[in-house]
Amino acid sequence: MIAAARHGRAKLIAVDGVDGQAVFAAARAALAASTSGVPAGTHGGVSRWDASGIFQDLEVADEDAGSPSPRTILLLYAADLAFRLRWQVRPALAEGRTVVVAPYVQTAIAFGRAAGLPAAWLDNLFRFAPRASERQVVAARDPNAVAIKDGFVGRASAHVAGKDTPACKRLITATEKRLRRGRHRRSRGRGDRPTRRAAP
């Protein structure tokens, strides 16, 4: 879903973090701030992960298929993001609208680095994604308290770790640390704007 931008200027706002509920709340707040003064009838919403339904299909996959690897999870996330960009984000930007994407690229790269994937592979995987006009990283109050299967990171960690709850929690915590440190951050052009941190 999309919302008309103030003054008709296209804007892509990325909201990232491990806490799915906090990320969505921050995305809604960013949308409200960006569309302040815009007629209510033109408001839209937030482009959320799994708009394509790929991960819903993964949920009902036969157990005999086994647990997907972190690389497979991120390939699926990239496919879902490409779907969102094709059908939600790029058409809205072309019309001069604001799109809040939650989560976007930083969360996926942080998860990949926490899972041990090479930075170069991750950079190349998400090179197709347009740079954001604004970015926010939502800090989880307590990564250990993030519900398993809540949001992309919780769901991805649960798929990778299977029934090993401690391993799942460790992966969530490691992803949060990567986001805080910013070590996952891609090299971007001069047009990048600073990352803003938002409290949940």
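The values are calculated or read from the model by the stated rules, or taken from the named source; none is laboratory data. As the structure is a prediction and not an experimental result, all values here were calculated from the model. Here Cβ is always computed from backbone atoms with ideal geometry, including for glycine, and neighbour counts include all displayed protein chains.
Descriptive notes on the structure:
- Only one entry in ARG141, ARG127, ARG131, ARG197 is part of a loop (DSSP other than H, G, I, E, B) and modelled with pLDDT under 75, namely ARG141.
- Count of residues meeting criterion [surrounded by fewer than 24 Cβ atoms within 10 Å (Cβ to Cβ) and of a type in the set (Ser, Thr, Tyr)] in region 133-182: 3
- So ARG185, is it modelled with pLDDT under 85, charged (D, E, K, R) and surrounded by fewer than 16 Cβ atoms within 10 Å (Cβ to Cβ): no
- Test: residue in region 40-51 that is under 23 Å from ALA147 (Cα atoms), at pLDDT 95 or above and in contact with a Phe, Trp or Tyr (Cβ under 7 Å, 6 or more places away or on another chain): no
Here is a yes/no grid of residues against (1) part of a helix (DSSP H, G or I); (2) touching a Cys at 6+ places or on another chain (Cβ under 7 Å); (3) at pLDDT below 85:
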{"residue": "VAL137", "(1), (2), (3)": "no, no, no"}
{"residue": "ALA147", "(1), (2), (3)": "no, no, yes"}
{"residue": "ARG155", "(1), (2), (3)": "yes, no, no"}
{"residue": "ALA158", "(1), (2), (3)": "yes, yes, no"}
